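Each remark here refers to the structure printed beneath this line.
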Amino acid sequence: MTTGLSGTGVNAGDVASAILKLTTTRRNAGAGDTGEAVVVPGCARPEPRAAVVAAVCDDATCGPVLRYAAAEARRRSVPLRVVHVWGGRGSAREAMCDADRLLSAVLYDHLGDDEAAAAEREIRHDDDPARALCALSSGASLLVVAARGDDHGGEPLGHTVQGLIGATRCPLAVLPPAGG
């Protein structure tokens, strides 16, 4: 199920309310990952043949995000691009190697071998993940993210998603928290 928010002026409160509704419905039904998302319109017309971009982190949200993005890429007959943004300090070499291992693990843990091998991979370094993902949205047909990571307590939306709402060029699909 996809809940589409339309019109200009969609804000974080609108998305948070829709995410809470999806989470409550899913919990009441006793369902797990059901492939539900709230889709927020982008600021511009998306590139018609551009990739669906899945933004992943090293937490429980990566599986649902990747599966939703892969299904959308198949439905649209466009490539799937999996992206990880790291913002830490320290050794760039070590961080890039860790990010590359993360992308490989996420892809092969949640997709079939052929689909995982065909997926595009991208690693970005930016202290502001929302800024990096907004930049990527200009060349995407859809950007898929989790509402929040595992480390954001009971808040319905994390800081990155709050920074993306109303700022992406392409539509933004926000998935409810894992296990929400």
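Counting charges near Leu103 (Lys, Arg +1; Asp, Glu -1) among other residues having Cβ under 12 Å from its Cβ returns a value of -2.
Under the simplified labelling scheme, the Tyr108-Asp58 pair shows an inter-label distance of 1.7 nm, with each label point 7 Å from Cα along Cα→Cβ. Across the range 51-180, counting alpha-carbon atoms alone, Rg and Dmax equal 13.6, 40 Å.
Projected label points at Ala135 and Cys43, each 7 Å from Cα along the beta carbon direction, are separated by 1.5 nanometres.
When both the range 38-73 and the range 89-161 are represented by their alpha-carbon centers, they are found 10 Å apart.
No value in this document is a laboratory result; all are computed from the given coordinates. Model, not experiment: these values are computed from the prediction. With ideal geometry, Cβ positions are generated from the backbone for all residues, glycine too; neighbour counts draw on all protein chains shown.
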